[in-house]
Amino acid sequence: MDDSQSIVALARAWDFSASRHTDQRRKGARGEPYVNHLAEVAHLLAEATGGRDAILVIAAVLHDTVEDTETTAQEIEELFGAEVAGLVAEVTDDKSLPKTTRKRLQVETTPRKSTRARMLKLADKTSNLRAIAHSPPANWGEARLREYLDWAVAVVAGCRGVSDVLERRFDEAHAAAMATLATPCND
Ligand code: ZN
């Protein structure tokens, strides 16, 4: 893709993704629009690659459409091509499996995924940990938060080596999330 094609494809991806995720909110107590998460992941990856990987940024914008909305992998392939669709597929959990299995599979399969997919996972987990630091889910107790953080660290262990800057962002987000847990609560 040249620059002008990339810009058109990226704008199309935003339009598509924003409309598919219209009614979704993030888990945090603030209930931010779900697209804030997609914007953060896309931004992290655009910066980490110096704006040189449009396919990766487009895949970032679309990365939760198949898992969390009524979108099929085939639709993504028809609209955005096989490369984008392949990347989205690599970071999409099989929702027919129980949640604990899906979480275990992420830890087990991430190390074997493509470099781009591991970068996308790293940015995804960074965004989720930032959200926990800024606006933790209201109904999650400390034990559940800790379990989530430990799981994110285990998944990201399989992504190490793909991008220094993304690893740094993840480590910062993890430290910030841990710091909120460490805050004693006086009740
Ligand atoms: Zn995500």
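Only Cα pairs within less than 10 Å get springs; with that Gaussian network setup on the chain, which residue of ASP64, ASP15, ASP171 has the largest fluctuation?
Comparing ASP64, ASP15, ASP171 in the GNM, the peak value goes to ASP15.
Report the per residue volume, in Å³, of the convex hull enclosing the C-alpha atoms of segment 2-105. Walk me through the intermediate numbers first.
Working: hull volume 11.9 nm³, N = 104.
Cα-based convex hull of segment 2-105, divided per residue, equals 115 Å³.
Using amide H atoms built 1.01 Å from N in the peptide plane, name the residues 5+ places from ASP93, or on other chains, whose amide H lies under 5 Å from its own.
none
What's the magnitude of the charge dipole for segment 132-187 around its Cα centre, counting Lys and Arg as +1 and Asp and Glu as -1 at the beta-carbon? Answer in Debye, nearest 20.
Values: 5 positive and 8 negative charges, 21 e Å.
Taking the Cα centre of segment 132-187 as origin, the dipole is about 100 debye.
Roughly how many percent of the accessible protein surface of the chain is carbon and sulfur, given a 1.4 Å probe and a whole-percent answer?
Working: 5030 of 9810 Å².
After summing per-atom areas, the C and S share lands at 51 percent.
Any chance you could run the full-extension gain for ASP68 through ALA89? It's 0.36 nm times the residue separation minus the Cα-Cα distance, nm to one decimal.
This chain segment gains 6.3 nm when fully extended.
With label points built 7 Å along Cα→Cβ from the Cα atoms of HIS43 and ARG12, find their separation and express it in nm.
Label-label distance for HIS43 and ARG12, simple model: 2.6 nm.
Per residue, what volume in Å³ does the Cα convex hull of segment 86-163 take up? All intermediate terms of the calculation are to be shown ahead of the outcome.
Values: hull volume 7.7 nm³, N = 78.
With only Cα atoms used, segment 86-163 gives 98 Å³ per residue.
So what is the calculated 222 nm ellipticity per residue for the chain, using -39500 (n - 2.57) for each DSSP H run with n of 4 or more, over all residues, to the nearest 500 deg cm²/dmol? List each step's numbers first, then the result.
Working: 10 runs with 129 residues, N = 187.
That comes out to -22000 deg cm²/dmol.
Kirkwood Rh over alpha-carbon pairs of segment 10-64, then Stokes-Einstein at 37 °C and 0.692 mPa s: what D in µm² s⁻¹, rounded to an integer?
The estimated diffusion coefficient comes to 287 µm²/s.
With a 1.4 Å probe and every protein chain left in place, work out the accessible area per residue of the chain in Å², rounded to a whole number.
Accessible surface, normalised per residue, equals 52 Å².
State the Cα centre-to-centre distance between segment 1-26 and segment 78-130 in whole Å.
Rounded to whole Å, the Cα centres lie 19 Å apart.
Using the Cα centre as the reference, give the magnitude of the dipole from point charges on the C-beta atoms of segment 6-151 (Lys, Arg: +1; Asp, Glu: -1; all else neutral), rounded to the nearest 20 debye. Kindly include the intermediate steps, with their values, before the conclusion.
Details: 21 positive and 22 negative charges, 117 e Å.
Its charge dipole is roughly 560 debye.
If each residue of separation counts as 0.36 nm, what is the full-extension length gain between GLU142 and LEU79 once their alpha-carbon separation is subtracted?
Working: separation 63, 0.36 × 63 = 22.68 nm, distance 4.17 nm.
So the extension gain works out to 18.5 nm.
Quick one: what Rg and Dmax do you get for the chain from the alpha carbons, in Å?
Expressed in Å, the Cα Rg and Dmax of the chain come to 16.3, 58.
Using 0.36 nm per residue of separation minus the Cα-Cα distance, give me the extension gain between GLN5 and ARG112 in nm, one decimal.
Numbers: separation 107, 0.36 × 107 = 38.52 nm, distance 3.07 nm.
Computed gain between GLN5 and ARG112 is 35.5 nm.
Ranked by accessible surface with a 1.4 Å probe, highest first, in what order do TRP14, TRP140 come? List each step's numbers first, then the result.
Numbers: TRP14 80, TRP140 30 Å².
Correct descending sequence by accessible area is TRP14, TRP140.
Put +1 on the Cβ of each Lys and Arg and -1 on the Cβ of each Asp and Glu in segment 33-187; which of VAL61, ALA123, VAL41 then has its Cα farthest toward the positive end of the dipole?
Ranked along the dipole, the leading option is ALA123.
The values are calculated or read from the model by the stated rules, or taken from the named source; none is laboratory data. Not measured: the values here are computed from a predicted model. Ideal geometry is used to build each Cβ from the backbone, glycine not excepted, and the neighbour counts take in all protein chains shown. All accessible areas refer to the heavy atoms of the entire protein, side chains included, with ligands and DNA or RNA removed. Shrake-Rupley method; radii C 1.70, N 1.55, O 1.52, S 1.80 Å.
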